Amino acid sequence: MKIRDIIDNLIEWHQPYENPKTRDTIKCGNPDVECTGIAVTCYANIEVVKEAIKKNCNLIIAHESLYYGDEYGTKPFEDIEAYKAKKALLEDSNIVVFRNHDRMHGKGKPWVPERLRNDYIYYGLMKELGWEEYVVGDRMKPLWYKIPEIEIRDLADYLMQRLDITGLRLVGSTKGKVTDIFVSEHCIGKGDDKAILSAVNAQVIIPLEICDYTLSAYVRDAALAGETKAILEMGHFNVEEAGMKHMASWLPEAIKDDTTPIHFIKSGDTYNYILRKEVN
C-alpha cells in the first residue's frame, strides 16, 4: 500500500476534524511510494528516526511536532545545527513523517462539536496503567480515577515502572494514602484556574507539565494546610507516549492493512535527574 493511502485511511478512520489549521499533516517526504513499514512514536527525535531506518520503516507517525514547538512553520530553526542534521537524515533516508495529533485527541470545539471516538492518548494511558476499572466519569477521555488506596510513594513507584521512566517530580505531600487521581493535562500558566478548581477534588494530580506559580503553588499550600495532596509530574512526552504505544494495536484496522509491519518506537525518557550530594 502507498503511504498516501495509509495516511488517507487513518484520517478517514478518525472522527471528522475540519480545522483548516490542523497539525495533522505530512511534515516531510514523498507519500506516493509503497510503504515498507510504519514506525509509531510520540516524538520523532533523531534516535527514533535512526531506529525506524534500521527497521526498514519509511513512514513515521508521530504525535508531537517534528521540530521544536507547536507552530506550523520551521523557518525560525533553519540555521540551527540540530535542525539541519535531522532534516538531512530524513531526506537521505526518504522517510515520510506524518503528525497525528489533533485527531488522536479527538479535539475540539467548534471543529468537533461532539466526541464520537476516544481521546486515544489518555485512553492509551489508562490501558498502560491498567486502570480501566477505576475510571470516574468520561471513559472516552479518562482523566479521573478512583484507585485502591495506596501510599503516595508507592504510587510514584508504580507510575515510573509502568511508564518505564527513571524518575518524577513530586510537589506537595510526600506521605499519605490516596485514592483520587486527576490527570490535569497542561498547566502552563494561562487558564490554570480551571485545573486548580478541579484539583481541589483530587489527592494526586498527574499533569503533562506544571506551572510553579499556579497549580504547584496551590498544591503546596494545600499540603502545608494539612491536606493529603500531591503532584506527580512525569513530563508531557513521557505521559503521552503510552497513547502512541497503544496506537500500534489498533492501527491495522484504521489503515485497512494488516500486512505492513508496524513498530512502536519509544522516544525515550525525556529527563535525567541529578540529585544533590549529601552534605556532611
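The values are calculated or read from the model by the stated rules, or taken from the named source; none is laboratory data. Predicted, not measured: the structure shown is a model, and the values here were computed from it. Cβ atoms come from the backbone with ideal geometry, glycine included; neighbour counts cover every protein chain shown. The area values use the complete protein model at the heavy-atom level, side chains included, leaving out ligands, DNA and RNA. Shrake-Rupley method; radii C 1.70, N 1.55, O 1.52, S 1.80 Å.
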How far apart, in nm, are two points set 7 Å out from the Cα along the Cα-to-Cβ line at Asn94 and at Lys55? 2.0
When we measure straight from the Cα of Lys229, which aspartates and glutamates land under 15 angstrom away, once same-chain ones fewer than 8 places off are left out? Glu149, Glu151, Asp154, Asp180, Asp221
Two-site FRET efficiency, Arg117 against Arg276, from Cβ-Cβ distance with R₀ of 35 Å, rounded to 0.05: 0.15
Could you name the aspartates and glutamates in cross-link range of Lys190, using Cα to Cα under 14 Å and dropping any fewer than eight places away on the same chain? Glu209, Asp212
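Pairs Lys75/Lys127; Lys146/Lys194; Lys87/Lys194: which exceed 29 Å Cα-Cα?
From the list (Lys75/Lys127; Lys146/Lys194; Lys87/Lys194), the Cα-Cα distance tops 29 Å for Lys75/Lys127; Lys87/Lys194.
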FRET E, pair Leu224, Lys194, Förster distance 22 Å, beta-carbon r, rounded to 0.05: 0.45
Return the percentage of antiparallel bridges among DSSP beta bridges fully within the chain, rounded to the nearest 5 %. 40
With 0.36 nm assigned to each residue of separation and the Cα-Cα distance removed, His186 to Met1 gains 62.9 nm
Can you pick out the pairs among Lys55/Lys84; Lys2/Lys54; Lys86/Lys245; Lys245/Lys277 whose Cα atoms lie more than 26 Å from each other? Lys245/Lys277
Run the accessible area of the stretch 165-207 with a 1.4 Å probe and give the carbon-and-sulfur part as a rounded percent. 54
Classify the stretch 150-280 as rounded, prolate or oblate, taking a ≥ b ≥ c as the square roots of the eigenvalues of its Cα gyration tensor: rounded when a/c is under 1.5, otherwise prolate if a/b is larger than b/c and oblate if not. prolate
Calculate the spin-label point distance for Lys266 paired with Asp8, positioning each point 7 Å from the Cα along the beta-carbon direction, and give it in nanometres. 3.7
Multiplying the sequence separation of Glu253 and Val33 by 0.36 nm and subtracting their Cα-Cα distance, what value in nm do you get? 77.1 nm
5 angstrom amide H check on His263, placed H, neighbours 5+ away: Ile38, Ala39, Val40
Need one value: the accessible area of Trp144 in square angstrom, 1.4 angstrom probe, rounded to the nearest 10. 70
Sequence-distant or interchain residues sharing an amide H contact under 5 Å with Val136, placed H: which? Trp144, Tyr145, Lys146
Compute the accessible area per residue over the stretch 100-249, keeping the other protein chains in place, probe 1.4 Å, unit Å². 46
Point-to-point label distance, Met140-Arg169, nm (Cα→Cβ direction, 7 Å offset): 3.3
